[in-house]
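S.K.: Dropping the structure in here first, questions after.
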Amino acid sequence: MLASDELLGTSRKDRALAFLNYLYFVAVIGVVSAILITAMVMQYAFGEIPCPLCLLQRVALFGICFGVIANFRSGFSYRNTGLTLLFAVLLLLIAARQTLLDIYPRPGHEYIGTAVLGLHMPVWSVIIAVTIIGAYALKLAVLGGDEELTDIRIEAFPSLGHIARWLGLTVIVLALINTASVAVQCGFAQCHTMGYQLLQ
Amino acid sequence: MMLIVFAAITLALVLDYLGLRRLAIASLSACFVLATVLFVWEVYSPEYGLRMPWLQGALEAIAKGA
């Protein structure tokens with residue numbers, strides 16, 4: 001294995017770094033998918049209809065996934081990383097603003113939905129966005145750039161590539177379900193949390 | 001508007017999956033712009049604008065107390 005790697009111009013260290021980077025990307029999609037599935041379970045099983053800002057946070061989470069999935073599909077590019085970070089910043093802005101809207105309870109403005117581990121959805125979104133941005137900053141500070149990823153594609157790690165492919169498809173299916181759900185909840189009008197517009 | 005934002009992000013993911021990279025990026029860009037506009041529209045209040053006076057009120061109360 002080592003000899004063939006050296007023939008291709010990649011060292012064992014580069015391969016290990018590439019593996020860790022791809023593992024990090026897979027973990028990001030896995031965690032984001034789990035968050036989206038949890039939000040959908042709360043919506044469909046417990047009747048917690050998402051507010052407009054909650055829906056926009058879901059859009060930002062899908063945007064974060066786009067950049068990561070693109071790294072798997074068309075090879076690593078800093079452009080994809082830029083897209084992921086752009087949507088992470090959007091998620092942080094929306095979630096921070098919603099947290100500030102509801103942090104001081106007054107009529108019509110209190111956190112909606114069930115708290116998970118004592119924190120509501122927008123507060124969790126702030127933590128998720130800060131974690132994604134912070135983790136990438138930490139990775140750059142400790143491991144440096146991602147140059148090894150341009151030479152070593154995810155196909156070099158078949159089992160990880162398999163997981164990434166399935167997670168990518170899962171995100172697409174989740175996006176399709178959410179789009180259908182928004183169509184039923186909002187139609188082409190403004191979204192409300194009172195009920196599903198098309199079912200009334 | 002929300003439906004269009006969701007349709008745009010879903011389309012971007014599907015187009016990227018099909019290998020249509022440029023169209024996917026165009027759809028993603030449209031989604032980003034529309035989501036940002038919708039966010040500002042959602043938080044804008046005819047009474048307060050984009051300010052958050054309930055937070056400022058709390059700070060004033062603290063200042064008065066001090």
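Computed from the coordinates by the stated procedures, all read-outs in this text should not be read as laboratory data. The shown structure was predicted, so the numbers you read here are calculated from the model rather than taken from an experiment. Methodologically, a virtual Cβ is constructed for each residue, glycine included, from the backbone with ideal geometry; neighbour enumeration extends over all protein chains shown.
S.K.: Evaluate the charge dipole of region A:12-199 about its Cα centre and quote only its size in Debye, nearest 20, assuming +1 on the Cβ of each Lys and Arg and -1 on the Cβ of each Asp and Glu.
M.R.: Here the size comes out at about 160 debye.
S.K.: Which loop trypsin sites (Lys or Arg not before Pro) in chain B, with loop taken from DSSP, have no more than 10 other Cβ atoms within 10 angstrom of their Cβ?
M.R.: Working: sites: B:ARG21, B:ARG22, B:ARG51, B:LYS64; in loops: B:ARG51.
Passing sites in chain B are B:ARG51.
S.K.: OK, next. Only loop residues by DSSP count here, and only those with at most 16 other Cβ atoms within 10 Å; note down the GluC sites (Glu not before Pro) in region A:65-151 that meet that.
M.R.: Working: sites: A:GLU110, A:GLU147, A:GLU148; in loops: A:GLU110.
Within region A:65-151, the qualifying GluC sites (Glu not before Pro) (loop, at most 16 other Cβ atoms within 10 Å) are A:GLU110.
S.K.: Note down the magnitude of the dipole of chain B about its Cα centre, charges +1 on Lys and Arg C-beta and -1 on Asp and Glu C-beta and zero elsewhere, to the nearest 20 debye.
M.R.: Working: 4 positive and 4 negative charges, 37 e Å.
My answer is approximately 180 debye.
S.K.: Only helical DSSP H runs with n ≥ 4 go in: add -39500 (n - 2.57) per run for the protein assembly as shown, normalise by residue count and round the 222 nm mean residue ellipticity to 500 deg cm²/dmol. Intermediate values should be presented prior to the final figure.
M.R.: Working: 10 runs with 197 residues, N = 266.
That comes out to -25500 deg cm²/dmol.
S.K.: If you take the Cα Rg of chain B and divide it by 2.2 N^0.38 Å, with N the number of residues, what do you get? Mind showing how you got there, number by number?
M.R.: Numbers: Rg = 19.5 Å, N = 66, 2.2 N^0.38 = 10.8 Å.
Rg over 2.2 N^0.38 Å, computed on Cα atoms: 1.81.
S.K.: Calculate, for A:ALA137 and A:LEU100, the FRET efficiency according to 1/(1 + (r/R0)^6) with r their C-beta to C-beta distance and R0 25 Å; round to the nearest 0.05.
M.R.: 0.60
S.K.: Throw me the Rg/Rh for region A:35-104, computed over C-alpha atoms with Kirkwood Rh, two decimals. Before the final figure, lay out the partial values.
M.R.: Numbers: Rg = 14.3 Å, Rh = 13.3 Å.
With Rh from the inverse mean 1/r over Cα pairs, Rg/Rh is 1.08.
S.K.: Next question, about the same structure. Per-residue counts of other Cβ atoms within 10 Å, averaged by peptide: what ranking do you get for A:82-92, A:23-33, highest first? Before the final figure, lay out each step's value.
M.R.: Numbers: A:82-92: 20.5, A:23-33: 17.7.
In decreasing order of mean packing, A:82-92, A:23-33 become A:82-92, A:23-33.
S.K.: Could you work out, residue by residue across A:52-59, how many beta carbons of other chains sit within 10 Å of that residue's beta carbon, and then give the average as an integer? Don't jump to the answer; show the numbers that get you there.
M.R.: Values: counts 7, 4, 0, 7, 8, 2, 3, 12.
That works out to 5 on average.
S.K.: Can you pull the mean other chain C-beta count within 10 Å for peptide B:12-19?
M.R.: Working: counts 6, 14, 3, 0, 9, 7, 1, 2.
Per residue, the number of nearby Cβ atoms from other chains is 5 on average.
S.K.: What is the spread of the Cα atoms of chain A along each of their three principal axes, largest first, in whole Å?
M.R.: On the principal axes, chain A reaches 67, 33, 28 Å in Cα extent.
S.K.: Sticking with this one: How many nm is it between the label spots at B:ILE4 and A:SER74, if each spot is 7 Å from the Cα in line with the beta carbon?
M.R.: Taking the simple label geometry, B:ILE4 and A:SER74 are separated by 2.5 nm.
S.K.: I'd like to know which of A:THR193, A:LEU169, A:SER181 lies farthest towards the positive end of the charge dipole of region A:122-200, counting +1 on Cβ of Lys and Arg and -1 on Cβ of Asp and Glu.
M.R.: Checked the options; the winner is A:THR193.
S.K.: Please return the longest stretch of chain B lacking exposed loop sites, where chymotrypsin sites (Phe, Trp or Tyr not before Pro) count only if DSSP places them in a loop and at most 16 other Cβ atoms lie within 10 Å. Intermediate results must be reported in sequence, preceding the final value.
M.R.: Numbers: sites that count: B:TYR44, B:TYR48.
For chymotrypsin sites (Phe, Trp or Tyr not before Pro) (loop position, at most 16 other Cβ atoms within 10 Å), the longest site-free span of chain B is B:1-43.
S.K.: A further question on this structure: Within 10 Å of each candidate Cβ there may be at most 16 other Cβ atoms; applying that plus a DSSP loop requirement, which chymotrypsin sites (Phe, Trp or Tyr not before Pro) in region A:94-200 survive?
M.R.: Details: sites: A:TYR111, A:TRP124, A:TYR136, A:TRP166, A:PHE188, A:TYR196; in loops: A:TYR111, A:PHE188, A:TYR196.
Hits after loop and neighbour filter: A:PHE188, A:TYR196.
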